[in-house]
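Quick notes on the structure that follows.
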Amino acid sequence: MARIFGLAVLMAAISIVMLFVVAPLYAALDAGRAVATGDVVTLERRVDWAGVRESLKTSLAEHDRGMRNADRGAPRPSLWMRVKMAVTSSRYGENMIDRVLTPSGIVQLARSQAPKDVMSAVAPSLTRAMLLWSSLSRVGLRDHATLDVEVRDTKDRRFIGTLARDGLTWRLVSVRLGGG
């Protein structure tokens, strides 16, 4: 009897650990499926839109400053060009982020750039899972409720998404540009 009880406790512990490991991946795939099907309600539940917008604005501003510092050897732009860059670049980027990073904006963006290949029509969930797996660069657990996922795109740019546990649900809470 003690052996059966011990086995039951071991199976329960393994199940809990597996749920903890699989739940963030499921959340990411669920959000991807919601984008593909246009399910705005699921996107609202799976993404903290205000946090994602603010983190991306901050990350883009840091990236912009880094790019300007990297171009120290380039000829100095005219006064008018510097004023224009200072006024339009950050405002334009922030307005674009505010307009596009909404559940309906992401759905529209995804539909306008939808893949037309046969595999995505035959097995969309499998295709998304394979693309996600192949583009994963790093997964790091910060603590018991926060997970960083680094993804590389086809041009070798890095994006770092942070998933946080909110009760029993995992949500995307920030997106940053990776360095280098």
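The values are calculated or read from the model by the stated rules, or taken from the named source; none is laboratory data. Remember, predicted model here, so these are calculated numbers, not experimental data. Here the Cβ positions follow ideal geometry from the backbone for every residue, glycine too, while neighbour counts run over all protein chains shown.
Considered as a group, the residues in segment 27-51 that are under 21 Å from ASP148 (Cβ atoms) and free of Cβ contacts under 8 Å to residues at least 24 places away in the same chain include one that is surrounded by the most Cβ atoms within 10 Å (Cβ to Cβ), and that residue is ASP30.
Just so you know, in segment 104-154 the residues that are assigned to a helix (DSSP H, G or I) and among the basic types (Lys, Arg) include one that is modelled with the lowest pLDDT, and it is ARG128.
Based on this model, can you work out whether ARG76 counts as loosely packed, with under 14 Cβ neighbours inside 10 Å, on the phi < 0 side of the Ramachandran plot, modelled with pLDDT under 80 and touching a Lys or Arg at 6+ places or on another chain (Cβ under 9 Å)? When the stated conditions are applied, ARG76 passes them.
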